[in-house]
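Peer 1: Pasting a structure here, questions to come.
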Amino acid sequence: PEITEDFATRLQAVRAVLIGYATPTSIARVLPQTICGGRTHVLEELEKITAAGGEGVMLRSPSAPYKGGRVSDLLKVKKFIDDEAVVAGHEQGKGRHSGRMGAIMCTMMGSGKQFKIGTGFTDAQREWNNAPPIGSTVTYRYFELTKAGIPRFPSFIRIRPLE
């Protein structure tokens with residue numbers, strides 16, 4: 001954080017500090033950096049990284065100065081999985097969502113395991129008269145399953161239309 005220059009300058013400074021210390025098994029080491037060759041290149045790299053157990057790819061503007069917090073110069077690209085579940089209940093909202101729906105309790109198809117979805121809803125969908133009805137099927141997106149078989153970071157996409 002003390003070095004506020006562009007990414008290339010910061011990377012060079014880190015390499016200089018770690019010379020003689022970093023080994024392939026070190027906790028602190030500089031990972032290989034690749035210049036992005038476009039959308040296809042990003043998707044190919046994402047596939048390689050996720051196949052090896054990685055979470056995703058980080059894209060950054062090489063000329064951007066360091067800024068703490070969320071910035072538009074740094075983008076995380078991850079794969080998500082879409083699935084469907086049945087709405088089993090609603091949970092009261094808190095804070096900004098007080099008096100409205102905060103989350104839906106869902107039952108996974110197949111395993112019957114229950115989990116909550118509390119993000120992905122518009123403000124209108126959080127109003128009680130617009131919340132996904134109990135018994136309806138919803139489509140949601142998640143990153144992966146936990147060891148317990150529960151979706152990690154589930155996010156609401158839509159109510160599945162009746163067929």
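The values are calculated or read from the model by the stated rules, or taken from the named source; none is laboratory data. Source: prediction; values computed, not measured. Quick reminder, even Gly has a Cβ in these numbers, built from the backbone with ideal geometry, and neighbours come from all protein chains shown. These area figures cover heavy atoms from the full protein model, side chains too; ligands, DNA and RNA do not enter into them. Shrake-Rupley method; radii C 1.70, N 1.55, O 1.52, S 1.80 Å.
Peer 1: Please go through the range 35-67 and give me each residue that is under 22 Å from the mean Cα position of the chain (by Cα), of a type in the set (S, T, N, Q) and surrounded by fewer than 14 Cβ atoms within 10 Å (Cβ to Cβ), ordered by number.
Peer 2: Matches in the range 35-67: Thr40, Ser61.
Peer 1: For the range 3-20, what are the residues that are among the charged types (D, E, K, R) and either assigned to a helix (DSSP H, G or I) or touching a helix residue (DSSP H, G or I) at 6+ places or on another chain (Cβ under 9 Å) (or both)?
Peer 2: As a first pass, look at the range 3-20 and keep what is among the charged types (D, E, K, R): 5-6, 10, 15.
Glu5, Arg10, Arg15 - these are the residues of the range 3-20 that are among the charged types (D, E, K, R) and either assigned to a helix (DSSP H, G or I) or touching a helix residue (DSSP H, G or I) at 6+ places or on another chain (Cβ under 9 Å) (or both).
Peer 1: A follow-up question, please. Scan the range 9-34 for residues that are open to solvent by less than 60 Å² (accessible area, probe 1.4 Å) and touching a residue at least 12 places away in the same chain (Cβ under 8 Å) and jot them down.
Peer 2: Listed by number, the residues that qualify are Arg10, Leu11, Leu18, Val30.
Peer 1: Of all residues in the range 110-126 being more than 17 Å from Thr146 (Cβ to Cβ) and either hydrophobic (A, V, I, L, M, F, W, C) or surrounded by 12 or more Cβ atoms within 10 Å (Cβ to Cβ) (or both), which is nearest to the chain's Cα centre (by Cα)? Break it down into steps so the answer makes sense when it comes.
Peer 2: Pass one, the range 110-126, residues more than 17 Å from Thr146 (Cβ to Cβ): 120-126.
Then drop every residue that is not either hydrophobic (A, V, I, L, M, F, W, C) or surrounded by 12 or more Cβ atoms within 10 Å (Cβ to Cβ) (or both), which leaves 120-121, 124-126.
On the way: Gly120: 12, Phe121: 16, Ala124: 23, Gln125: 22, Arg126: 22 Å.
Within the range 110-126, the match that is nearest to the chain's Cα centre (by Cα) is Gly120.
Peer 1: Something else about it: Quick check, is Gly95 open to solvent by less than 80 Å² (accessible area, probe 1.4 Å) and at positive phi? Quick ask: steps written out before the conclusion?
Peer 2: Details: open to solvent by less than 80 Å² (accessible area, probe 1.4 Å): yes; at positive phi: yes.
So Gly95 passes the test.
Peer 1: Wholly within the range 52-143, which strands (runs of 3 or more DSSP E) include no fewer than the required count, namely at least 2 residues that are more than 15 Å from Phe156 (Cα to Cα) and without any contact (Cβ under 8 Å) to a residue 40 or more places away in the chain? Explain how you work it out, then say what you get.
Peer 2: Values: elements: 56-60, 74-78, 81-92, 101-108, 114-117, 137-142.
Where strands (runs of 3 or more DSSP E) fall fully within the range 52-143 and carry at least 2 residues being more than 15 Å from Phe156 (Cα to Cα) and without any contact (Cβ under 8 Å) to a residue 40 or more places away in the chain, they are 56-60, 74-78.
This table checks each residue for (1) among the charged types (D, E, K, R); (2) in contact with a Cys (Cβ under 6 Å, 6 or more places away or on another chain); (3) open to solvent by 40 Å² or more (accessible area, probe 1.4 Å); (4) at pLDDT below 95.
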| site | (1), (2), (3), (4) |
| --- | --- |
| Trp128 | no, no, yes, yes |
| Ala131 | no, no, no, no |
| Gly135 | no, no, yes, no |
| Thr139 | no, no, no, no |
| Leu145 | no, no, yes, yes |
| Ala148 | no, no, yes, no |
| Pro151 | no, no, no, no |
| Arg158 | yes, no, yes, no |
| Glu163 | yes, no, yes, yes |
